[in-house]
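Accompanying notes for the structure given below.
What follows draws every value from the coordinates through simple rules; no lab data is involved. Note that the structure is a prediction, hence the values are computed from the model and not measured. Glycine also receives a Cβ, built like all others from the backbone with ideal geometry; neighbour counts cover every protein chain displayed.
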Amino acid sequence: MHFFDIHPMNLMKSLSMALELTVNGMSTHHWRTALIADCIAKELKLEELKWQEVVYAALIHDIGAVSNWEERKLLRTMDDNSKRIYLHAEEGYELLLLSKRFEKLAKPIRYHHDNWCGGNPSGLAGDKIPLASRIIHLADRIEVSIYPGTYIFDQKNKILDYVDEKSGTAFDPNLVDAFNQCAKSEAFWLDLINPNYKEVFFSSLDVYGSISYTLEDVTEIADIFSIIIDKTSRYTAKHSRGVAEVAAYLAKQAGFSPSEVKEMRIAGLLHDLGKLAIPNEILEKPEKLTEEEYLLIKQHTYYTYRILQGIDNFEKIAQWAAYHHETLDGTGYPFRISEDSLSLGSKILAVADVFTALTEDRPYRESLSEEKVKDIMGKMAKYRRLDKQIIDLLFEHYQDARAFI
Ligand SMILES: [Fe+2]
Ligand SMILES: [Fe+2]
Ligand SMILES: [Fe+2]
């Protein structure tokens, strides 16, 4: 069996970063929530596995909201009395159940907006709410209370007052006491606003060394991310899954080993990961994009690469996934890689991406006919956008490949 040796901290860091993508790089909500949660968990002297569950869940706690930009914005401002705030928690829970490696994080995420005093859709209150959820709830609300651009020590008392005021209603009073201990340290506040501290924080989480993940484990996690990627636009409801299947099929036909075929499937599931950086309204814009909007869209493969390359032993998958808009003539994006540096795997994924896009139904047009697809892809080969041999391979097995869409 094929294994990946992965430091779980590296994996969590990459996944957390994907949830923080914005048009201008990365925001800070998840890692800072995890930092606050970490301090509270340590103050409570939680045993190691419980501590790990709290911090890991905090790092991806809003996974259920990330596909929807309106939801993302609301979470930063919404008060806990709004019923809508529970929706993404439930969605996150359902997503995480799809991975054996992550299912233990599902429950903490499900209740991470439940109020201590009750009145939650779950019907839970007080100690019945999982401790990890209560910690993340408090840490999350503290994180969203921090205003950028205002000196942190000018905000500190206001945040402490807010937490104090909600102690016993929204927040567990014991956790508020633990947080007040954290808050005594100047370093705690300075770490929160120091972007360079992020790396130190993540290294401090690397207490287990590397752990073996099977290809199936990684595929399950990639599957979860493919769902949130595809949900960013109603035009691409099953795009990532389709690309993954077609690319894996072509890899098999091209003679890749069984484990490489599975790696290709993972690359396909994650190829558009960087789309999480692009607002829905641009991804869904029916009219022609402006030049600026197109530049923004083109950022997605850059982020796919930078995020995936941070995971141990993922270099090949990162390249296959992220080079799908590179072209043989070297004018592709984002790296403008020349033909001789493009691997066969990257060329396969590029062909699978175009084929899937042309053959899937889109709300604004039906799937294109075989003849039309052959015409368009034939031209792309001629103008050295795509590799001709792989296109020939695809056309040899056209009906088989078409069945995956
Ligand atoms: Fe949340
Ligand atoms: Fe949050
Ligand atoms: Fe793409």
Estimated 222 nm signal from helices in the chain, with DSSP H stretches of n ≥ 4 weighted -39500 (n - 2.57), rounded to 500: -18000 deg cm²/dmol
For region 1-50 and region 306-367, distance of Cα centres in Å: 28 Å
For the chain, cysteines whose Cβ has no other cysteine Cβ within reach (under 4.7 Å): Cys117
Mean-position separation - Cα centroids, region 106-172 and region 265-294, in angstrom: 33 Å
Linear extension gain, Thr22 paired with Arg384, 0.36 nm per residue minus alpha-carbon span: 127.1 nm
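Ranking request for peptides 218-225, 44-51: highest mean number of other beta-carbon atoms within 10 Å first, then the rest in descending order.
On the way: 218-225: 21.4, 44-51: 13.4.
Most protected by this proxy first, the peptides run 218-225, 44-51.
Rounded, prolate or oblate: which fits the chain when a ≥ b ≥ c are the square roots of the eigenvalues of the alpha-carbon gyration tensor, with rounded for a/c under 1.5 and prolate only if a/b beats b/c? Present the calculation step by step, with values, prior to reporting the outcome.
Numbers: a/c = 2.17, a/b = 1.99, b/c = 1.09.
Prolate.
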HN-Hα J in Hz across region 49-55 - Karplus 6.51, -1.76, 1.60, θ = phi - 60°, x for Gly and Pro: 5, 5, 4, 4, 4, 4, 6
Anisotropy class of region 29-194 from Cα gyration tensor, a/c 1.5 cut: rounded
Relative contact order %, the chain, counting alpha carbon pairs below 8 Å whose residues are six or more apart: 17 percent
Two-site label geometry, Asp375 and Glu284: point separation in nm, points 7 Å out along Cα→Cβ: 3.2 nm
Nonlocal amide H pairs with Arg362, under 5 Å, H built at 1.01 Å: Ser367
³J(HN,Hα) computed for each position of region 273-285 - Karplus, 6.51 cos²θ - 1.76 cosθ + 1.60, integer Hz, glycine/proline x: 3, x, 5, 5, 8, 10, x, 3, 5, 7, 4, 9, 5
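If packing is taken as the average count of other Cβ atoms within 10 Å, what order do 106-116, 297-307, 363-373 fall into, highest mean first? List each step's numbers first, then the result.
On the way: 106-116: 24.4, 297-307: 21.3, 363-373: 11.5.
Ranked from most to least packed, the peptides come out as 106-116, 297-307, 363-373.
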Amide proton proximity set for Gly118, modelled H, under 5 Å, gap of 5+: Gly126
Violating pairs (Cα-Cα greater than 29 angstrom) within the set Lys104/Lys238; Lys13/Lys252; Lys50/Lys166; Lys13/Lys288; Lys231/Lys288: Lys13/Lys252; Lys13/Lys288
For Thr22, distant residues with modelled amide H under 5 Å away: Ser27
Derived scalar couplings ³J(HN,Hα) [region 319-326; Karplus, 6.51 cos²θ - 1.76 cosθ + 1.60; whole Hz; x for Gly, Pro]: 5, 4, 5, 8, 8, 6, 10, 7
Packing-based order for 175-185, 261-271, using average beta carbon neighbours within 10 Å, highest first: 261-271, 175-185
